[in-house]
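Student: Structure in structure tokens, see below.
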Amino acid sequence: MQPLHLLDSQVRSLRQQVQSTETQLRNLKIQLQQAEQQCEAARQLEEAWAGGFPHEWINETLAALSPEAHQAVGQESQPQSTHGRWPLESEEYKRYGRQMILPEVGLHGQLRLKKARVLIVGAGGLGCPAAAYLAGAGVGTLGLVDGDTVEISNLHRQVAHGTDRVGMSKVDSAVEYLTSLNPRVNYQRHPYHLTPQTAISLFEQYDLVLDCTDHPTSRYLISDTCVLTSKPLVSASALKTEGQLIVLNNPPLPPGSSNGGPCYRCVFPRPPPADSVLSCGEGGILGPVVGLMGVLQALEAIKLLTAQPSPSSTLEPPKPTLLIFSAYSTPPFRSVRLRTRRADCAACSSVASITSQSLTSGSLDYVAFCGGTSPLDLLPPHARVSAAEFARQPRDGTNTLIDVRDETQYSMCALRGSVNVPWTGDAESWAQAAALREEISAAGKACYVVCRMGNDSQLAARALMERGLGADGGVRHIEGGFRAWREEVDPGWPEY
Amino acid sequence: MCAQKPPAGHFTILYFASASSYTRKQHDFFSGPLPISKLPDLLEERYSGIKEKVLGSCALTVNLDYVDMEEEAAKAEQCLVVQEGDEVAIIPPVSSG
């Protein structure tokens, strides 16, 4: 018979062993349950992907599926993952299912979209459709940059804005629309114009940038900043009935890496002359043309974001192309094969002169590079009249009004008795056309030249004066064109 | 724009965006073969002012391949020759949106 105290100690020891084994058993059961869940998920993924998916995609998704599984072993009562068995919430499967069942997207692609941060610069004709499709697709974070407010002339193409939001900031208006489209996205508002000083710190917060702006200065600034921050850039533009689309700086390797994708300067090293750059307000734009280009930007962004990450050194870099869309051409689409990076590019080559320092210090002047425009002031005072002054001229055939707007605008609205000689962009050819008109070449008549805004009319008036046309009656241009006519003389004149 | 083929001994030149506005045309047929470095002067003859106002900032392609005009000009006699039946495109940067 053992002494009582020894038996007591044996009971205590056995109790401890039972307790510890029970804890171990509980842990093992938890691990078993987790392993079973993972196994079931893997089985379902294998089944779903039996159609020939690369095996490494399965591994990547599995890793995303069970982030807790790796650390659970040996820990007591690990809480269930916050999202349960599946990496996405049930509503997300419903919302994104129609794109997820495409082999090009799949679960892995959807997870990459959810993780992605995309910056859209410009919330206009390109930015609205691009943002809508990216929000709809479930991009995790969408940043919008625009300093403008919604105007009624935007609405035929800028589909995220509405009549009741005229006057509102474009960023706020777009976020209102996008939130109703997909409230799950994290929207970041940047309601100001991009500047060289702030661009780098802004771009650094994102993975991918879309250039949806409307001017050469911002196009060069965005491209340079993408090179400096190593972000791929999806750039599009549109005017009248044509559009362009390029994926730039893809792959986004540091300046000097010849395998990196070309930047905007590699394709267009010299900006167009400032006085030839037309805005959509000046040149016109067909809504679906710019809409199409914005939708294509969203598509290229989705392709880039859902692509399987690969060791870039082993793969040949993607072939850069410039897509040109011309709505009234046959065929309407042309894809141009571009070169790689330019050996002497100012931004992305090994001899690049553009640095983060030159951007943030403001020493790089994009307005000067693109040639700033100042109001045209070509004519001496005696060759200018105000719209109000012109309205007081007699209408007795002693003078001729030359309207230099194009035929389309002239047929929208014109002053009775005026002569339409559309400005050709070139003084010589325009003067030749003008000389053929009897009303202009006839002796003794005063000539008044008018256009939409008061710029082309100065060029045309100068072309007449330099060639001695209308010399005896005098040549004058109407300051401010029909815009001034509307403000000073006829409020009923159409504002377009 | 230009579904039709150029006549024998000619190549097609397509004008996009501001190049189309400036020439008021969507295409022309020029007689070839023609060394590409001679094209700007030929266009200038026909469309006075086009070199300065349009071509300086344009991308130019031959049969959908980007051509660097400075590089070609530097090659002088050795530059690319546009052949009969080729398609040249003048592509100005469009910046609006």
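No value in this document is a laboratory result; all are computed from the given coordinates. Quick caveat, the model's predicted, so the values are computed rather than measured. Quick reminder, even Gly has a Cβ in these numbers, built from the backbone with ideal geometry, and neighbours come from all protein chains shown.
Student: What FRET efficiency would be calculated for the residue pair A:Glu89, B:Lys51, taking the C-beta separation as r and a Förster radius of 56 Å, to the nearest 0.05?
Tutor: On the way: r = 60 Å, r/R0 = 1.07.
Taking R0 as 56 Å, the efficiency between A:Glu89 and B:Lys51 is 0.40.
Student: Using a cut-off of under 20 Å, list every residue of the stretch B:28-47 whose amide N is near the label point 7 Å from the Cα of B:Val81 along the Cα-to-beta-carbon line.
Tutor: Label zone hits: B:30-43.
Student: Is there a simple number for the mean count of other chain Cβ atoms within 10 Å of the Cβ of residues in B:55-66, and what is it? The partial results should precede the final answer.
Tutor: Numbers: counts 0, 5, 9, 3, 9, 1, 6, 0, 2, 7, 4, 10.
Mean shielding by partner chains, rounded to a whole number: 5.
Student: How long is the gain from A:Ser335 to A:Asp490 if the chain were fully straight, where each residue apart is worth 0.36 nm and the alpha carbon distance is subtracted? Walk me through the numbers before you get to the answer.
Tutor: Values: separation 155, 0.36 × 155 = 55.80 nm, distance 4.77 nm.
Fully extending the segment from A:Ser335 to A:Asp490 adds 51.0 nm.
Student: Sort B:36-42, B:70-76 for me by packing, meaning the mean count of neighbouring Cβ atoms within 10 Å per residue, highest on top. Write out the running numbers ahead of the final one.
Tutor: Values: B:36-42: 16.4, B:70-76: 12.6.
The packing order, highest mean first, is B:36-42, B:70-76.
Student: Further question: Using the alpha carbons of the stretch A:89-242, what is the convex hull volume per residue in cubic angstrom, as a whole number?
Tutor: On the way: hull volume 18.7 nm³, N = 154.
Spread over its residues, the Cα hull of the stretch A:89-242 gives 122 Å³ apiece.
Student: Based on the Cα coordinates of the stretch A:336-476, what is the per residue volume of their convex hull in Å³?
Tutor: Details: hull volume 28.1 nm³, N = 141.
In the stretch A:336-476, the Cα convex hull volume per residue is 199 Å³.
Student: To continue, here is another question. Please list, in order along the stretch A:486-495, the HN-Hα scalar couplings obtained from phi with the Karplus expression 6.51 cos²θ - 1.76 cosθ + 1.60 (θ = phi - 60°), rounded to whole Hz, x for Gly and Pro.
Tutor: Karplus-based 3J(HN,Hα) across the stretch A:486-495 equals 5, 6, 9, 10, 10, x, x, 5, x, 9 Hz.
Student: Turning to a different aspect of this structure: Tell me the net charge near A:Glu89. Cut-off is 12 Å between Cβ atoms, A:Glu89 excluded, with +1 for each Lys or Arg and -1 for each Asp or Glu. Working shown, then result.
Tutor: Numbers: positive: A:Arg85, A:Lys94, A:Arg95, A:Lys114, A:Arg184; negative: A:Glu91, A:Glu92.
Neighbour charge sum, excluding A:Glu89 itself: +3.
Student: What are the residues whose amide H is under 5 Å from the amide H of A:Thr149, where those residues sit 5 or more places off or on another chain and H is modelled from the backbone?
Tutor: A:Lys170
Student: P(r) for chain A, please, calculated from all Cα pair distances in 10 Å bins and given in %.
Tutor: In order of increasing distance, the bins hold 4, 15, 20, 19, 15, 10, 6, 4, 3, 2, 1, 1, 0, 0, 0 percent.
Student: Follow-up question, since we're still on this one. Rounded to the nearest 0.05, what FRET efficiency do A:Asp275 and A:Gln205 have when you use their Cβ-Cβ distance and R0 = 51 Å? Mind dumping the intermediate values first?
Tutor: Numbers: r = 36 Å, r/R0 = 0.71.
The calculated FRET efficiency here is 0.90.
Student: Nearest 0.05, what FRET efficiency do A:Leu102 and B:Gln26 give at R0 = 35 Å with Cβ-Cβ as r? Let's see the in-between values first.
Tutor: Working: r = 37 Å, r/R0 = 1.07.
Using R0 = 35 Å, I get an efficiency of 0.40.
Student: Further question on the same structure: What nm value, rounded to one decimal, do you get for the distance between A:Leu469 and A:Asn259 when each label is placed 7 Å out toward the C-beta?
Tutor: It works out to 6.0 nm between the two label points.
Student: Right, next: Taking amide H positions as placed 1.01 Å from N in the peptide plane, with prolines and chain starts having none, which residues 5 or more places from A:Arg384, or on another chain, fall under 5 Å of its amide H?
Tutor: Sorted by chain and number, the residues that satisfy this are A:His477.
Student: Something else now. At A:Met453 and A:Ser9, where each label point lies 7 Å from the Cα along Cα→Cβ, what is the point-to-point distance in nanometres?
Tutor: For A:Met453 paired with A:Ser9, the spin-label model returns 10.0 nm.
Student: Once you order the gyration tensor axes a ≥ b ≥ c over the Cα atoms, which shape class does the stretch A:328-404 get: rounded for a/c under 1.5, otherwise prolate or oblate by comparing a/b with b/c? Before the final figure, lay out the partial values.
Tutor: Values: a/c = 5.20, a/b = 1.92, b/c = 2.70.
In terms of gyration-tensor shape, oblate.
Student: Distance between Cα centroids, the stretch A:205-269 to the stretch B:1-69: provide it in whole Å.
Tutor: For the stretch A:205-269 versus the stretch B:1-69, the Cα centre distance is 26 Å.
Student: Would you mind giving the mean number of other chain beta-carbons within 10 Å of the Cβ of each residue in A:133-140, as a whole number? Before the final figure, lay out each step's value.
Tutor: Numbers: counts 0, 0, 0, 0, 0, 0, 0, 0.
Counting Cβ atoms of other protein chains within 10 Å of each residue's Cβ and averaging gives 0.
Student: Further, regarding this structure: What translational diffusion coefficient, to the nearest whole µm²/s, does chain B have by Stokes-Einstein, given a Kirkwood radius computed over alpha-carbon pairs, a temperature of 25 °C and 0.890 mPa s viscosity? Working shown, then result.
Tutor: Working: Rh = 13.5 Å.
Roughly 181 µm²/s, to the nearest whole number.
Student: Let me ask another. Students often forget the sequence filter, so: which lysines lie under 28 Å Cα-Cα from A:Lys319 once same-chain residues fewer than 8 apart are removed?
Tutor: A:Lys114, A:Lys115, A:Lys231, A:Lys303, B:Lys75
Student: Residue by residue, what Karplus-based ³J(HN,Hα) values in Hz, rounded to whole numbers, does the stretch A:352-362 have, using 6.51, -1.76 and 1.60 with θ = phi - 60° and x for Gly and Pro?
Tutor: Once rounded to whole Hz, the list reads 4, 9, 8, 10, 4, 4, 5, 7, 5, 6, x.
Student: Follow-up. First select every other residue whose beta carbon is under 14 angstrom from the beta carbon of B:Ser31; then total the charges, Lys and Arg +1, Asp and Glu -1.
Tutor: -2
Student: Give me log10 I(q)/I(0) at q = 0.26, 0.31 Å⁻¹ for the stretch A:115-154, Debye formula, one equal scatterer per alpha-carbon, no solvent.
Tutor: Normalising to I(0) and taking log10 leaves -0.87, -1.08.
Student: OK, next. Quick check: residue separation of A:Glu428 and A:Met412 times 0.36 nm, minus the Cα distance between them. What number comes out in nm?
Tutor: Values: separation 16, 0.36 × 16 = 5.76 nm, distance 2.69 nm.
Extra length available between A:Glu428 and A:Met412 comes to 3.1 nm.
Student: I would also like to ask the following. Looking only at GluC sites (Glu not before Pro) in DSSP loops with at most 16 other Cβ atoms within 10 Å, what is the longest site-free stretch of chain A? Mind showing how you got there, number by number?
Tutor: Numbers: sites that count: A:Glu68, A:Glu76, A:Glu89, A:Glu104, A:Glu151, A:Glu204, A:Glu495.
So the longest stretch without any such site is A:205-494.
Student: In addition: If you consider only alpha-carbon coordinates, what radius of gyration and Dmax does the stretch A:420-496 have, in Å?
Tutor: 12.8, 36
Student: Turning to a different aspect of this structure: Net charge within 11 Å of A:Cys345 by Cβ-Cβ distance, Lys/Arg positive one each and Asp/Glu negative one each, not counting A:Cys345 itself? If you can, show how the numbers build up before the last one.
Tutor: Values: positive: A:Arg265, A:Arg339, A:Arg341, A:Arg342; negative: A:Asp224, A:Asp344.
Taking every other residue near A:Cys345 into account, the sum is +2.
Student: Place a point 7 Å from the Cα of A:Leu378 along the Cα-to-Cβ direction; which residues of the stretch A:411-435 have their backbone N under 19 Å from it?
Tutor: A:419-435
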